[in-house]
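Sharing a structure with you now.
The values are calculated or read from the model by the stated rules, or taken from the named source; none is laboratory data. This is a predicted model, so every value here is computed, not measured. Glycine gets a Cβ as well: all are built from the backbone with ideal geometry, and neighbour counts include every protein chain shown. Keep in mind that these areas ignore ligands, DNA and RNA; they rest on the heavy atoms of the full protein, side chains included. Shrake-Rupley method; radii C 1.70, N 1.55, O 1.52, S 1.80 Å.
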Amino acid sequence: MAGSAHATVDAANREHARRASAGSGHAVWPTAAVAAAFSLAQLVLVRPGLGLGWDETVYVSQVSGHAPASFFSAPRARGVSLLVAPVAAWSSSTALLRIYLALLSGLALFLALRAWRGLFPVRVLAFGGALFASLWVTLFYGPQAMPNYWVAVAALAAVACFLRAPTDRGALWGLAGSAAVMAWMRPVDAVWATVPLLALGLTRRHRRALLVLLAGLAAGAAEWVVEAYASYGGLARRLSDGSAIQGGLGWHFAVVDQLRGLGGRTLCRPCTGALPHPLVTLWWFALPVLAALALVVAWRGRRRAATVLPLACAATAAFPYLFLIGYAAPRFLLPAYALLAIPVADALAHLIARSYRPAQHSPSHLPPPPARRLPGRPGGRSASCPSTHPAHRSTPPSVPAPADRPTLGSPPAPADGPAPADGPAPADGPAPGSPPAPADGPTVDPASAPADLPTLRPAPHPAPRPTPDPRSRPAPHRSPCPSPPPGRLPPSHPTRRPLALVLVCACLAVHLAVQLVVLLHVVGSATAAHDAWGRTAAEMRRRGVRPPCLVTGHEAIPVGFAAGCASAATAGPNANTTEDGITRTARRTPVATLVPAGSAPPRYARDWPSVPVGAVRLYYVVPGAAS
């Protein structure tokens with residue numbers, strides 16, 4: 001008995017694993033399609049030919065042989081430089097780098113969404129991924145050599161792995177890797193994004209996940225901490241310098257600045273001017289409302305932790321950029337948008353669909369359900385399974401079988417005791433003067449039956465069956481028809497709310513159109529800026545400023561990288577030299593200084609020849625050119 005029971009359980013487990021593995025392939029396709037569409041949209045809308053931006057040149061120059069490395073300020077980390085090294089280390093092609101990053105960002109989004117399998121339905125995961133991937137800031141920074149997108153997808157995966165860690169040992173590896181990637185890209189942002197995870201990890205259930213999370217953060221931030229002691233005067237000094245470069249961390253209400261950035265300003269510093277059109281910012285105001293709805297949906301369902309934890313991490317990840325710095329950039333909030341995407345998608349799915357469970361009616365009010373065909377039995381016959389729902393049974397359990405219940409119009413069965421007053425019927429025949437009864441029993445008196453009921457004939461009393469020989473009794477046959485456990489209703493089925501579906505689809509269509517318009521505007525502005533930098537670099541080469549050379553002044557970093565020159569600054573967050581140092585360098589190396597049109601040049605460049613180039617004026621000196 002015990003052996004057969006264990007064998008049955010093992011067989012059931014193997015069958016469950018086989019079905020799960022067979023269904024997992026179908027579950028992968030929605031999220032894989034979203035990730036593939038995300039990569040394709042980047043290549044089509046952002047275009048691989050888009051030149052490198054200001055911050056991109058800083059990260060790429062650390063591993064590229066095209067130009068000397070730019071000044072690496074205290075807040076930056078080396079994660080992006082290592083990410084682009086497989087391409088930038090041997091090729092200066094910007095298009096190749098864009099294609100590499102677009103494909104890699106799509107793969108990262110797929111892995112992050114896959115980490116949430118089992119925590120939310122697949123359709124919600126695909127919907128949430130599409131919401132995040134369709135933002136203009138996500139599409140624009142996905143193929144760029146910038147750290148914010150990678151912190152976002154790593155934080156999304158880390159929260160999912162943390163939730164799965166108590167029951168899935170494999171999730172611990174994902175948690176460690178995700179935490180390491182976050183700290184590898186931006187250590188301070190990694191800490192802010194994982195504050196709720198660190199707090200929850202203090203409970204007994206999540207202590208092992210806490211240790212793995214701390215190990216991942218330490219592994220990712222190790223290089224940044226070592227570099228702080230090697231090049232910045234210690235960890236505290238590097239944190240202090242990073243705060244000063246960002247304008248000093250303190251109470252700054254930057255919510256309005258972030259709203260201004262939603263209109264397509266990649267960096268809002270100083271952040272002045274009018275707010276964008278309300279259609280551009282409407283989705284931003286809808287986020288907290290949908291997050292609150294997601295909490296309500298989660299509280300009524302069984303996904304409380306899976307909803308509350310990413311919302312809490314999104315809040316802590318956004319907090320420093322909303323209230324602690326005095327400027328704004330839309331990319332700063334990418335981790336918050338990624339963490340909000342799945343709960344918001346769950347809330348929207350709840351708006352357009354509701355759970356429906358069929359009401360319990362009497363069998364006479366329900367049509368008979370269709371029989372389910374089962375595989376053929378021996379002998380070529382097929383079996384049909386009737387419905388197991390209580391409302392679809394032909395005979396309710398509480399009603400006696402036809403053989404035991406009285407028929408309409410027949411007298412009640414006599415109880416043990418004296419006979420009725422008018423006496424029992426004779427045992428050997430009918431009473432005198434009464435019509436003869438049929439052989440199978442009495443008939444219903446039509447005069448005494450109700451008007452709305454047909455005349456029914458009584459069911460014949462079954463003849464007694466002979467008792468079979470126990471030795472010849474066949475083995476009990478187990479019905480192939482599945483039956484739900486006693487007292488459990490069949491599963492509910494979602495039905496759609498037509499009006500809510502139309503409204504949500506209309507809002508999403510408007511939202512996508514707005515995101516597309518803003519994205520095209522941002523790409524157009526970035527293309528114009530890169531073209532201007534290219535024209536300035538070409539003019540420098542015509543004037544004799546060729547590598548090895550030095551570029552200082554306005555937009556020196558991107559122009560210097562485009563020309564293959566080093567860059568330097570005497571003031572600001574990228575200050576790394578002095579005016580006397582530039583003067584000494586100009587005696588032996590070509591130097592160019594860029595000054596905005598209408599502004600006075602620095603003291604060391606007043607006697608240099610100059611030429612206007614677009615919105616700047618180029619001052620340059622080439623040692624030995626006069627001879």
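Is at least one residue of the range 488-497 modelled with pLDDT of 55 or more and either open to solvent by less than 60 Å² (accessible area, probe 1.4 Å) or under 30 Å from Gly53 (Cα atoms) (or both)?
Looking through the range 488-497, at least one residue is modelled with pLDDT of 55 or more and either open to solvent by less than 60 Å² (accessible area, probe 1.4 Å) or under 30 Å from Gly53 (Cα atoms) (or both).
For Arg546, work out the one condition from (1) part of a helix (DSSP H, G or I); (2) over 37 Å from the mean Cα position of the chain (by Cα) it doesn't fulfil.
Of the numbered conditions (1) part of a helix (DSSP H, G or I); (2) over 37 Å from the mean Cα position of the chain (by Cα), the odd one out for Arg546 is (1).
Which is open to solvent by 10 Å² or more (accessible area, probe 1.4 Å) and free of Cβ contacts under 8 Å to residues at least 24 places away in the same chain, of Trp173, Trp184, Trp150?
Result of the check over Trp173, Trp184, Trp150: Trp173.
Here is a list: Arg541, Arg535. Which entry is farther than 30 Å from Leu262 by Cα and either part of a helix (DSSP H, G or I) or at pLDDT below 95 (or both)?
It is Arg541.
Same structure, new question: Those residues that are over 24 Å from the mean Cα position of the chain (by Cα), under 12 Å from Pro330 (Cβ atoms) and free of Cβ contacts under 8 Å to residues at least 40 places away in the same chain, I need them from the range 260-283; list them, please.
The answer is Pro276, and nothing else.
Any idea which of Leu259, Leu279, Leu267 is under 30 Å from Val504 (Cβ atoms) and open to solvent by 50 Å² or more (accessible area, probe 1.4 Å)?
Numbers: Leu259 fails: open to solvent by 50 Å² or more (accessible area, probe 1.4 Å); Leu267 fails: under 30 Å from Val504 (Cβ atoms).
Every option except Leu279 fails the conditions.
Would you point out which residue out of Ser81, Ser91 is within 13 Å of Ser61 (Cα to Cα) and surrounded by 21 or more Cβ atoms within 10 Å (Cβ to Cβ)?
The match here is Ser81.
Does Val122 count as out of contact with any strand residue (DSSP E or B) (no Cβ under 6 Å at 6 or more places or on another chain) and open to solvent by 40 Å² or more (accessible area, probe 1.4 Å)? Working first, answer last.
On the way: out of contact with any strand residue (DSSP E or B) (no Cβ under 6 Å at 6 or more places or on another chain): yes; open to solvent by 40 Å² or more (accessible area, probe 1.4 Å): yes.
Answer is yes for this residue.
Restricting attention to the range 584-627, report how many residues are open to solvent by 20 Å² or more (accessible area, probe 1.4 Å) and part of a helix (DSSP H, G or I).
4
Residues checked against (1) touching a strand residue (DSSP E or B) at 6+ places or on another chain (Cβ under 9 Å); (2) of a type in the set (A, V, I, L, M); (3) part of a loop (DSSP other than H, G, I, E, B):
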residue: Gly264; (1), (2), (3): no, no, yes
residue: Leu279; (1), (2), (3): no, yes, no
residue: Trp284; (1), (2), (3): no, no, no
residue: Ala292; (1), (2), (3): no, yes, no
residue: Leu295; (1), (2), (3): no, yes, no
residue: Thr316; (1), (2), (3): no, no, no
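Something else about it: Every residue in the range 74-108 that is outside any helix (DSSP H, G or I) and hydrophobic (A, V, I, L, M, F, W, C), please.
Ala74, Ala77, Ala89, Trp90 - these are the residues of the range 74-108 that are outside any helix (DSSP H, G or I) and hydrophobic (A, V, I, L, M, F, W, C).
Could you list, in sequence order, all residues of the range 218-253 that are open to solvent by less than 40 Å² (accessible area, probe 1.4 Å), among the hydroxyl-bearing types (Ser, Thr, Tyr) and in a helix (DSSP H, G or I)?
Matches in the range 218-253: Ser243 only.
Only residues that are buried (at least 21 other Cβ atoms within 10 Å of the Cβ), of a type in the set (Gly, Ala, Ser) and more than 16 Å from Phe110 (Cα to Cα): list them for the range 155-170, please.
Once the filter is applied, which keeps residues that are buried (at least 21 other Cβ atoms within 10 Å of the Cβ), of a type in the set (Gly, Ala, Ser) and more than 16 Å from Phe110 (Cα to Cα), the range 155-170 yields only Ala165.
Evaluate the following for Ala190: is it small (Gly, Ala, Ser) and either in contact (Cβ under 8 Å) with a residue 60 or more places away in the chain or touching a Ser or Thr at 6+ places or on another chain (Cβ under 7 Å) (or both)?
On the way: small (Gly, Ala, Ser): yes; either in contact (Cβ under 8 Å) with a residue 60 or more places away in the chain or touching a Ser or Thr at 6+ places or on another chain (Cβ under 7 Å) (or both): no.
Against the criterion (small (Gly, Ala, Ser) and either in contact (Cβ under 8 Å) with a residue 60 or more places away in the chain or touching a Ser or Thr at 6+ places or on another chain (Cβ under 7 Å) (or both)), Ala190 does not qualify.
Can I ask one more? If a residue must be of a type outside the set (A, V, I, L, M) and in a helix (DSSP H, G or I), how many such residues does the range 109-146 contain?
Total meeting the criteria: 11.
I would also like to ask the following. Look through Ala329, Ala318, Ala294 and report the one residue that is open to solvent by less than 50 Å² (accessible area, probe 1.4 Å), touching a Ser or Thr at 6+ places or on another chain (Cβ under 6 Å) and not basic (Lys, Arg).
Result: Ala294 is the single residue among Ala329, Ala318, Ala294 that is open to solvent by less than 50 Å² (accessible area, probe 1.4 Å), touching a Ser or Thr at 6+ places or on another chain (Cβ under 6 Å) and not basic (Lys, Arg).
Could you tell me whether His554 is in contact (Cβ under 8 Å) with a residue 60 or more places away in the chain, open to solvent by 60 Å² or more (accessible area, probe 1.4 Å) and under 20 Å from Ala597 (Cα atoms)?
For His554, the condition - in contact (Cβ under 8 Å) with a residue 60 or more places away in the chain, open to solvent by 60 Å² or more (accessible area, probe 1.4 Å) and under 20 Å from Ala597 (Cα atoms) - is met.
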